[in-house]
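Before any comments, here is the structure.
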Amino acid sequence: MRLTLKIWRQENAQAKGAMVTYPIDNISPDMSFLEMMDVLNKELIEKGESPVAFDHDCREGICGMCSMFINGEAHGPDRNVTTCQLHMRKFKDGDTIHIEPFRAKAFPVIRDLVIDRSAFDRIQHAGGFISVNTSGNTQDANAIPISKHAADTAMDAAACIGCGACVATCKNSSAMLFVGAKVSQFALLPQGKVEAADRVQHMVDQMDLEGFGNCTNTGACEVECPKGISLENIARMNRELLKAKLF
Amino acid sequence: MAQLFQTSIGRKVAMALSAIFLMVFLLQHFTINSLSVISPEAFNEVSHFMGTNPLVQFVLQPVLIFGVVFHFLMGFILDIQNRRANGQTYIKYNGAANAKWVSRHMLLSGLVILGFMALHFVDFWFPEVNIKFIQGDWSGTAEGVEGFRYYEELRHKFVNPYRVGAYSVAFVFLALHLNHGFTSAFQSVGSNWGRKKVLQTVGLIYSYVIPAGFIGIALFHHFTH
């Protein structure tokens, strides 16, 4: 495949970035998108140019590190995949591909396609956990009866890898799908119910403090989420917050 | 309670509650307007009741005005906050790939409805305020009109084809606004009903039938006057 890549290049957080065009040839349709980026970077290094900085780690769709906005969509045109799981066969020979970093005020660009998603970490630190006494007298989690439906729904919410595609794709840069998933995965289980009221209040407060926008229920986040996290998690978070504030 | 509305979710809940309130009002408004097509006498009677009943005039009307003003103001506030939350604009953003046009343009449809409301107030509400609260005439009658004046006034307003056109365009935007707003309001208050087929169908019917009905009423009076 012969492609034209238009990639956002930005020296550092303070620098003014711009799109730079790179023609690239001999790309196999079976390559992953990141492998294609590796080929480009190899060529750039051989030419003595600076390689394109981009986040990646597991390359198996688990870690949530890759974060490219490809042709106007978070993680590109495919559904339920991260950028590392996107294959070049999704594009046609001769295509022009726009590659930008995820954009939100709360996700500042560090360099090229690398962004700072530590706002998500701070939201998690604010309440995305359960407090368990690990002195040796901890009750075996398997001894607590949990309905199949609750367990499955909690597991679906826990599938969120915190990649930030929901924020990147939302026209309001809202993080409510992420926070909704993190609130839900605990609120649905007995172990998480104990601290449910404090958790949702602290996490929502931190989300607001980080400067994310408001959800207008367009559903774009759900469509672009590589893990298919449902909008129902946002409704559950809203219910949890109402319960915590009113009762 | 005050703490709740200081959060982003609390503000969305308030926005949704005002939307649900306005949707109930719209249904009531449509029901009364429909009477003008079915029975002029019934329309006159109900209009006079609504226009002179102290509970409606001094309790429900201020609540309605508050609801309308709150919904618009909160809409603008939330939109400003959302724009602030955005980083640099994407060079290429394919919004159509993952969300309906109506859901992405609620501000636009809301602004058209706001413009319509200004026209609607000039046409109907300000003259009513003038007659009742400035002139002090609560009789519901007018010179040269037999019985109550409301039906004749309504028909007279829709003689002008430009007004009928403007109302019709506004109602199309109202349909678009409701198309997303109906289910979105339920989602915002924490209900999954908005995701259920039944409520989505009810929302779809509501969002098209009510505005289409309003257009039909305007056209009916225009062509039968």
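Confirm whether A:GLN85 is surrounded by 16 or more Cβ atoms within 10 Å (Cβ to Cβ) and not β-branched (Val, Ile, Thr). So A:GLN85 fits the description; yes. For the stretch B:185-225, taking the residues that are more than 9 Å from chain A (Cβ to nearest Cβ) and outside any helix (DSSP H, G or I), the one that is nearest to A:GLY219 (Cα to Cα) is identified as B:LYS196. Look at the stretch B:1-24: where a residue is within 16 Å of B:PHE76 (Cβ to Cβ) and facing chain A (nearest Cβ under 10 Å), no partner that is part of a loop (DSSP other than H, G, I, E, B) and open to solvent by 70 Å² or more (accessible area, probe 1.4 Å) sits 6+ places away or on another chain with Cβ atoms under 6 Å.
Just one of (1) in contact with a Phe, Trp or Tyr (Cβ under 9 Å, 6 or more places away or on another chain); (2) in contact (Cβ under 8 Å) with a residue 40 or more places away in the chain fails for B:ALA142. It is (2).
The set of residues in the stretch A:206-247 being surrounded by fewer than 24 Cβ atoms within 10 Å (Cβ to Cβ), in contact (Cβ under 8 Å) with a residue 60 or more places away in the chain and assigned to a loop (DSSP other than H, G, I, E, B) consists of A:GLU210, A:GLY211, A:LYS227, A:GLY228, A:SER230.
Condition (residue is open to solvent by less than 30 Å² (accessible area, probe 1.4 Å), within 14 Å of chain A (Cβ to nearest Cβ) and within 30 Å of A:ASN214 (Cβ to Cβ)) applied to the stretch B:44-67: is it met by at least one residue?
Going through the stretch B:44-67, the residues open to solvent by less than 30 Å² (accessible area, probe 1.4 Å) turn out to be B:44, B:47, B:51, B:56-57, B:67.
In the following step, the residues that additionally are within 14 Å of chain A (Cβ to nearest Cβ) were identified as none.
Checked the stretch B:44-67: no residue is open to solvent by less than 30 Å² (accessible area, probe 1.4 Å), within 14 Å of chain A (Cβ to nearest Cβ) and within 30 Å of A:ASN214 (Cβ to Cβ).
Within the stretch A:88-102, none of the residues are within 21 Å of the chain's Cα centre (by Cα), small (Gly, Ala, Ser) and farther than 19 Å from A:CYS166 by Cα. Here A:CYS84 does not qualify as assigned to a loop (DSSP other than H, G, I, E, B) and either closer than 18 Å to A:ARG2 by Cβ or outside the structural domain of A:ASN172 (by TED's automatic domain parsing) (or both). If B:PHE182 satisfies every condition in (1) away from chain A (no Cβ under 14 Å); (2) within 26 Å of B:PHE121 (Cα to Cα) but one, which is the exception? In the conditions (1) away from chain A (no Cβ under 14 Å); (2) within 26 Å of B:PHE121 (Cα to Cα), B:PHE182 misses (1) alone. Looking at A:ALA196, A:ALA220, A:ALA181, A:ALA235, just one residue is in contact with a Lys or Arg (Cβ under 9 Å, 6 or more places away or on another chain) and farther than 30 Å from A:GLY72 by Cβ, and that residue is A:ALA196.
If you go through the stretch B:92-105 and pick out every residue that is out of contact with any His (no Cβ under 6 Å at 6 or more places or on another chain) and within 7 Å of another protein chain (Cβ to nearest Cβ), you end up with 7. Every listed requirement among (1) open to solvent by 30 Å² or more (accessible area, probe 1.4 Å); (2) part of a helix (DSSP H, G or I) is met by B:THR141 save one, (2). Taken over the stretch A:5-19, the criterion of being surrounded by fewer than 14 Cβ atoms within 10 Å (Cβ to Cβ) and touching a Lys or Arg at 6+ places or on another chain (Cβ under 9 Å) is satisfied by A:GLU11, A:ASN12, A:ALA13, A:ALA15, A:ALA18.
Filtering B:LEU154, B:LEU176 for residues that are within 14 Å of another protein chain (Cβ to nearest Cβ) and more than 27 Å from A:LEU241 (Cα to Cα) leaves a single hit, B:LEU176.
Yes/no per residue for (1) part of a loop (DSSP other than H, G, I, E, B); (2) surrounded by 13 or more Cβ atoms within 10 Å (Cβ to Cβ):
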{"residue": "A:PRO23", "(1), (2)": "no, no"}
{"residue": "A:MET37", "(1), (2)": "no, yes"}
{"residue": "A:LEU40", "(1), (2)": "no, yes"}
{"residue": "A:GLU43", "(1), (2)": "no, yes"}
{"residue": "A:ALA53", "(1), (2)": "yes, yes"}
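Looking at (1) within 30 Å of A:ILE99 (Cβ to Cβ); (2) open to solvent by 30 Å² or more (accessible area, probe 1.4 Å); (3) in a helix (DSSP H, G or I); (4) of a type outside the set (Gly, Ala, Ser), find the lone condition where B:HIS120 falls short. It fails just one condition, (1). What are the residues in the stretch A:10-46 that are in contact with a Ser or Thr (Cβ under 8 Å, 6 or more places away or on another chain) and in contact (Cβ under 8 Å) with a residue 40 or more places away in the chain, if any? Passing the criteria: A:PHE33, A:LEU34.
The values are calculated or read from the model by the stated rules, or taken from the named source; none is laboratory data. Remember, predicted model here, so these are calculated numbers, not experimental data. FYI the Cβ positions are ideal-geometry reconstructions off the backbone, even for glycines, and counts take in every protein chain you see. Heads up: the accessible areas ignore ligands, DNA and RNA and are worked out on the full protein's heavy atoms, side chains in. Shrake-Rupley method; radii C 1.70, N 1.55, O 1.52, S 1.80 Å.
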